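The values are calculated or read from the model by the stated rules, or taken from the named source; none is laboratory data. Bear in mind that the values here come from a model prediction, so they are computed numbers and not experimental data. Counting neighbours? That spans all protein chains shown, and the Cβs are built from the backbone with ideal geometry, glycine included. All accessible areas refer to the heavy atoms of the entire protein, side chains included, with ligands and DNA or RNA removed. Shrake-Rupley method; radii C 1.70, N 1.55, O 1.52, S 1.80 Å.
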Amino acid sequence: MPLDLAATVPTGTPGVSMTFLHGGPQITRTVIPAGVAFFIPSHYHLTHTEFFTIEKGEMEITCDGVTTAISQADGEFKIPKGVRHSFIKKAEAGEPRDNEKERFFRNMFQGAETGLKPLQAIVSSYEADAWPDLPGKIYWLENLFMTVIGGYIGPAFG
């Protein structure tokens, strides 16, 4: 039986919301009102490429240490898998188009309201292929950390 989930959820930042889109080219649409700061910390994806388009306004995206301002005029912005990136303000599409992204954002934003525990955040990140960019930038160590904590320890201890 499918869950009856709201299409739009708050993100934990006042005024910022994310809507899950079904049946179109985008998976999510994030709305960030003018004057509201919203930051997604550096992370990367092992298994999918991410695409962003700006519908209104502008955002800064940092990929592997290089920051670029992008706007609607730039069209689609592609971030290949494995590239460390951080950003604000986006409408997003990703590959694969499945429910992992939606589940990840719902878990993270619900936790922002109710107090997400670090272990829950790691498991959600692991399941959604959103790997943290840890100090030192040692891929094998990050992969080991996420696989052991997010894939085994977290699920075992819920």
query: Which residue pairs have Cβ atoms closer than 9 Å, lie 6 or more positions apart in sequence or on different chains, and pair a first residue in region 28-46 that is on the phi > 0 side of the Ramachandran plot with a second residue that is surrounded by fewer than 17 Cβ atoms within 10 Å (Cβ to Cβ) and in a loop (DSSP other than H, G, I, E, B)?
result: Gly35/Gly15
query: Restricting attention to region 18-29, which residues are open to solvent by less than 30 Å² (accessible area, probe 1.4 Å) and either in contact with a Cys (Cβ under 7 Å, 6 or more places away or on another chain) or at pLDDT 80 or above (or both)?
result: Met18, Phe20
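Among the residues of region 59-69, is any open to solvent by less than 80 Å² (accessible area, probe 1.4 Å), assigned to a loop (DSSP other than H, G, I, E, B) and within 21 Å of Trp131 (Cα to Cα)? Before you say what the answer is, go through the steps one by one.
Of the residues in region 59-69, the ones open to solvent by less than 80 Å² (accessible area, probe 1.4 Å) are 59, 61-63, 65, 67-69.
Going one step further and asking which of them are assigned to a loop (DSSP other than H, G, I, E, B), we end up with 65.
Now drop any that are not within 21 Å of Trp131 (Cα to Cα), which leaves 65.
The answer is yes, given that some residue of region 59-69 is open to solvent by less than 80 Å² (accessible area, probe 1.4 Å), assigned to a loop (DSSP other than H, G, I, E, B) and within 21 Å of Trp131 (Cα to Cα).
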message: Conditions first: (1) open to solvent by 40 Å² or more (accessible area, probe 1.4 Å); (2) of a type outside the set (Val, Ile, Thr); (3) within 27 Å of Lys137 (Cβ to Cβ); (4) modelled with pLDDT of 80 or more. Ser86 passes all but one, so which condition is the exception?
response: (1)
statement: Within region 137-158, the residues that are of a type in the set (A, V, I, L, M) and touching a residue at least 12 places away in the same chain (Cβ under 8 Å) are Met146, Ile149, Ile153
query: Out of (1) over 28 Å from Met146 (Cβ atoms); (2) in contact (Cβ under 8 Å) with a residue 60 or more places away in the chain; (3) among the small types (Gly, Ala, Ser), the odd one out for Gly12 is which?
result: (1)
statement: Exactly one of Ile32, Ile54 is in contact with a helix residue (DSSP H, G or I) (Cβ under 7 Å, 6 or more places away or on another chain) and either of a type in the set (Gly, Ala, Ser) or under 24 Å from Thr8 (Cβ atoms) (or both), and that one is Ile54
